[in-house]
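Asks: Before I ask anything, let me first share the structure, which is written out below as structure tokens.
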Amino acid sequence: MEVTLHEATAGDLVIARNLSSYYVYDMAEYMGWPCKPDGRFGGCDDLESYWAEPGKHAFMLRASDELAGFVLILGRNAEPDVDFSVTDFFVLRKFRGQGVGQRIAHELFNRFRGRWKVEQFSQNKPAVAFWEKTIDRYTGGKFERSNAASRWEEPLNVLRFSS
């Protein structure tokens with residue numbers, strides 16, 4: 001299967017907004033987030049800023065020419081020892097377990113060289129396992145793991161490494 005990553009265009013914002021509700025829905029299973037009274041799960045808080053602000057990057061994923069997800073990368077971090085962060089990473093369920101996410105993550109790490117921080121909600125065990133395996137393979141085990149609290153006071157698994 002061919003997997004491609006392309007920088008999101010203005011027209012991709014609507015698509016990413018639609019996909020972000022599935023992203024939040026998937027996380028709700030592990031986070032215990034309720035469905036809203038209107039039957040929706042919401043989306044990414046500051047999605048639009050990745051199309052407007054310098055230092056923020058939005059990408060769309062395709063697998064065999066089919067839409068497969070999106071990725072948001074923060075390239076201007078408040079932390080002095082971090083150059084890049086994966087803020088949101090979503091692969092549609094039908095493409096999971098086929099190496100799509102890992103290939104995309106490795107491509108991003110190679111595209112943006114520097115010091116990385118990747119966080120996952122600790123309760124989201126599949127995300128924690130995915131990122132630890134993906135980063136371990138990329139770095140040959142040379143990464144640091146720690147814990148922190150998110151701005152929502154949810155515990156985070158934090159992985160740091162250099163590409």
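Asks: When you scan the stretch 126-163, how many residues do you find that are among the basic types (Lys, Arg) and within 16 Å of Val91 (Cβ to Cβ)?
Replies: Residues that pass the stated criteria total 1.
Asks: Can you name the residue in the stretch 5-55 that is in contact with a strand residue (DSSP E or B) (Cβ under 8 Å, 6 or more places away or on another chain) and in a loop (DSSP other than H, G, I, E, B) and is also nearest to Leu74 (Cα to Cα) among such residues?
Replies: The selected residue is Gly55.
Asks: Taking the residues in the stretch 144-163 that are free of Cβ contacts under 8 Å to residues at least 24 places away in the same chain and assigned to a loop (DSSP other than H, G, I, E, B) as candidates, determine which candidate is farthest from Glu29 (Cα to Cα).
Replies: Ranking the candidates gives Arg151 first.
Asks: Find all pairs meeting these conditions: Cβ atoms under 7 angstrom apart; at least six residues apart or on different chains; first residue within the stretch 9-26 and of a type in the set (Gly, Ala, Ser); second residue loosely packed, with under 14 Cβ neighbours inside 10 Å.
Replies: Listed pairs, sorted by first residue: Ser21/Arg40.
Asks: Would you confirm whether or not the stretch 149-162 contains a residue that is over 15 Å from Leu61 (Cβ atoms), surrounded by fewer than 16 Cβ atoms within 10 Å (Cβ to Cβ) and touching a Leu at 6+ places or on another chain (Cβ under 9 Å)?
Replies: Yes: the stretch 149-162 contains one or more residues that are over 15 Å from Leu61 (Cβ atoms), surrounded by fewer than 16 Cβ atoms within 10 Å (Cβ to Cβ) and touching a Leu at 6+ places or on another chain (Cβ under 9 Å).
Asks: Would you tally the residues in the stretch 99-143 being crowded, with 17+ Cβ neighbours inside 10 Å, in a loop (DSSP other than H, G, I, E, B) and free of Cβ contacts under 8 Å to residues at least 40 places away in the same chain?
Replies: Final tally of qualifying residues: 2.
Asks: Still on this structure, I have one more. Does any residue of the stretch 61-80 turn out to be at pLDDT 90 or above, closer than 25 Å to Ala129 by Cβ, in contact with a Gly (Cβ under 6 Å, 6 or more places away or on another chain) and among the aliphatic types (A, V, I, L, M)?
Replies: Yes; the residues of the stretch 61-80 include at least one that is at pLDDT 90 or above, closer than 25 Å to Ala129 by Cβ, in contact with a Gly (Cβ under 6 Å, 6 or more places away or on another chain) and among the aliphatic types (A, V, I, L, M).
Asks: Next question, about the same structure. For the stretch 1-42, give me the residue count where each residue is of a type in the set (Asp, Glu) and crowded, with 16+ Cβ neighbours inside 10 Å.
Replies: 2
Asks: Continuing with this model, one more query. If you take the residues in the stretch 60-80 that are part of a loop (DSSP other than H, G, I, E, B) and among the charged types (D, E, K, R), which one is farthest from Tyr25 (Cα to Cα)?
Replies: This residue is Glu79.
The values are calculated or read from the model by the stated rules, or taken from the named source; none is laboratory data. Computed from a predicted structure; not experimentally measured. Note: ideal-geometry Cβ built from the backbone for every residue, glycine included; neighbour counts use all protein chains shown.
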